[in-house]
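Engineer: The structure follows.
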There are 2 protein chains.
Amino acid sequence: MSNVCFAYVHVREAISQQIIEQHLTGSLPSERELCATYDVARSTLRQALGQLEHMGLIYRKNRSGWFVCPRKLKYDPMQHTSFLQYTTAQGFQPSTKLVEQKKQKPCKEIAAALELDARTSLTSILRVRSVDGRAVVVENLNFSNKHLPDIDKHDLSLSISILLKNTYHQHDVLYDVTVESCCLFNPIAQLLDTYDGALGLKVTRIVRDKDGIAFEFDREFWRHDALMIENKAKLHF
Amino acid sequence: MSNVCFAYVHVREAISQQIIEQHLTGSLPSERELCATYDVARSTLRQALGQLEHMGLIYRKNRSGWFVCPRKLKYDPMQHTSFLQYTTAQGFQPSTKLVEQKKQKPCKEIAAALELDARTSLTSILRVRSVDGRAVVVENLNFSNKHLPDIDKHDLSLSISILLKNTYHQHDVLYDVTVESCCLFNPIAQLLDTYDGALGLKVTRIVRDKDGIAFEFDREFWRHDALMIENKAKLHF
DNA sequence: GCCCCTTTTTGGTATGTACCAATTGGTGGG
DNA sequence: CCCACCAATTGGTACATACCAAAAAGGGGC
């Protein structure tokens, strides 16, 4: 049936079957141990593990071994439901850690996306969000101070969607979201407890008010194995 | 500034800069040649090339070397615009090859998604779509014969969205789309002219009529470096 | 029982070598 | 000029080995 002429394919399928049949949970044996089990060189084993990682079956915590992936989080970037809301609804224990908050001038990418000139002030926050103790996404949110006066005076560790709705009366907004495959490099990789060059999914979001004026620019760097993007809509022709 | 203590990081950054500054176009030199250039072992070089591949900067055609990636296709899976339409609008030359068309019973996954019993007949097609001569996505479309009578009698190599609209009067439909990172295995990898275990993005789509009855189940396997998913919407709170 | 220090294990990086099969490029014959 | 055949190149697979630094495990003292 399947392609078993190569050693790494054999190892890959053997381990993946172990995981799917749930004979393997939590952490995997050490690499040298697995080499002995399957009688392959360590580089061959690591090739197999790398593919299992790409499949989203296993992941590695920086320098401390391989682990079976928990189930994926379902996430709809077009919805304004909060992280707390959709994670708990799926039975996860969410947590958020604010890494940094500052006022700064926009970089080129943001200036272009928000159509700002380079001197406009932005309130920028960086935070790491985890489910069940595992860091899954690094978020970088940027708010235009011009369009959201005194936004930096509020507590941005609370729900920002509620703040926008109640304080700034943003009831009708335009979302412009992109999703693409990416690589996670330091220092973002470190915040996600993974390695420089790990695989990720990058979600960017431009939020505009009802007149089309952009006031928010977000970048989300997800562990590639942590989420499944979900999107429901009614279409008319 | 950046992390340059390791050889593979050095090679990665050197080649990526070459590409970004456009000193490198089309195909890369052979691996052994690059080893000599950067004075590293082949496995180290291949580690660097692998990460550049994950970044979407380079790709490999099955056994015939490394190439600089063309620009990404922008794609909105929530829109009913045709492949022909959105690729040409972005300046690409699209083409589609029908690989297989058959009537069959649903597999477990499809039966569950469409809420069909295992004896219902499905019309299933498999096709490969390319832009500028490069295969970018393998599509597997499945239509319920029960809900779309005689769908297999039509020419499914033409636009199916027009067929649904004009012949089956599906003007109001519900889309249920998911996107996730995946691995491309044979035989799909071969259709995309890539290798077993290559990185991909999997898009699944369930289409329902206005009463919520599912009549179509699609799976799209994209080269991870070929697309950027784009999604615009107006939201109200 | 808890904490600190040492030892061992282990993942991350790196090299060199080897063989095979597919592709490519070149050569010669029709 | 084209096609068929052959040789050289090249990517894909595989192994053995080595070293380092971080993490985990173990042991000893309080």
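The values are calculated or read from the model by the stated rules, or taken from the named source; none is laboratory data. As the structure is a computational prediction, the values presented were derived from the model and not from experiment. When we count neighbours, we look across all protein chains shown, and the Cβ atoms used for this are built from the backbone with ideal geometry, even at glycine. For the accessible areas, the whole protein counts, side chains as well, though only heavy atoms, and no ligand, DNA or RNA atoms are used. Shrake-Rupley method; radii C 1.70, N 1.55, O 1.52, S 1.80 Å.
Engineer: Students often get this wrong: which residues of region A:62-92 have the backbone nitrogen under 14 Å from the point 7 angstrom along Cα-to-C-beta of A:THR25?
Structural biologist: Under 14 Å, as judged by backbone N against the label point of A:THR25, lie A:68-71 of region A:62-92.
Engineer: Please report, as a whole percent, how much of the solvent-accessible surface of the protein assembly as shown comes from carbon and sulfur atoms (probe radius 1.4 Å).
Structural biologist: Summing carbon and sulfur atoms, their accessible area is 51 percent of the total for the protein assembly as shown.
Engineer: For peptide B:180-189, what's the mean number of Cβ atoms from other chains within 10 Å of each residue's Cβ?
Structural biologist: Average per residue, whole number: 5.
Engineer: Per residue of A:191-201, how many C-beta atoms from partner chains lie within 10 Å of its own C-beta, taken as a mean?
Structural biologist: 3
Engineer: If I take all pairs of Cα atoms in the protein assembly as shown, what percentage of them are more than 35 Å from each other?
Structural biologist: 37
Engineer: Return the distance in nm (one decimal) between the two label points of a simple spin-label model at A:LYS108 and B:GLN79, each offset 7 Å from Cα along Cα→Cβ.
Structural biologist: Roughly 2.7 nm, to one decimal.
Engineer: Counting Lys and Arg as +1 and Asp and Glu as -1, what is the net charge of the other residues whose Cβ lies under 15 Å from the Cβ of A:THR37?
Structural biologist: Counting the neighbours of A:THR37, the net charge comes to 0.
Engineer: At a probe radius of 1.4 Å, what is the per-residue accessible area of A:THR87, in Å² to the nearest 10?
Structural biologist: 0
Engineer: For the pair A:ALA14/A:ARG119, report the inter-label distance in nm, with labels modelled 7 Å from Cα in the Cβ direction.
Structural biologist: The two pseudo-label positions are separated by 6.8 nm.
Engineer: To the nearest whole number, what is the average tally of beta carbon atoms from other chains within 10 Å of the beta carbons of peptide B:69-75?
Structural biologist: 1
Engineer: Another one. Give me the residues in region A:133-171 whose solvent-accessible area, probe 1.4 Å, is reduced by at least 50 Å² once all protein chains are included instead of the chain isolated.
Structural biologist: The answer is A:HIS171 - residues whose exposure falls by at least 50 Å² when every protein chain is included.
Engineer: Am I reading the B/A interface right? What is its buried accessible area, both sides, 1.4 Å probe, to the nearest 100 Å²?
Structural biologist: When B and A are taken together, about 3900 Å² of accessible area is lost.
Engineer: Cut-off 10 angstrom, C-alpha nodes, Gaussian network model of chain A. Which of A:TYR195, A:TYR38, A:TYR59 fluctuates the most?
Structural biologist: A:TYR38
Engineer: Per DSSP H run of at least 4 residues, take -39500 (n - 2.57); add these up for chain A, divide by its residues and hand me the 222 nm value, nearest 500 deg cm²/dmol.
Structural biologist: The helix-only estimate for chain A comes to -7000 deg cm²/dmol at 222 nm.
Engineer: Shifting gears a bit: Between B:SER64 and A:HIS169, how many nm apart are label points set 7 Å from Cα along the C-beta direction?
Structural biologist: Using points 7 Å along Cα→Cβ, the separation is 6.3 nm.
Engineer: A follow-up question, please. Does region A:73-229 classify as rounded, prolate or oblate by the C-alpha gyration tensor (a ≥ b ≥ c root eigenvalues; a/c under 1.5 gives rounded; else a/b over b/c gives prolate, otherwise oblate)?
Structural biologist: Cα axes put region A:73-229 in the prolate bin.
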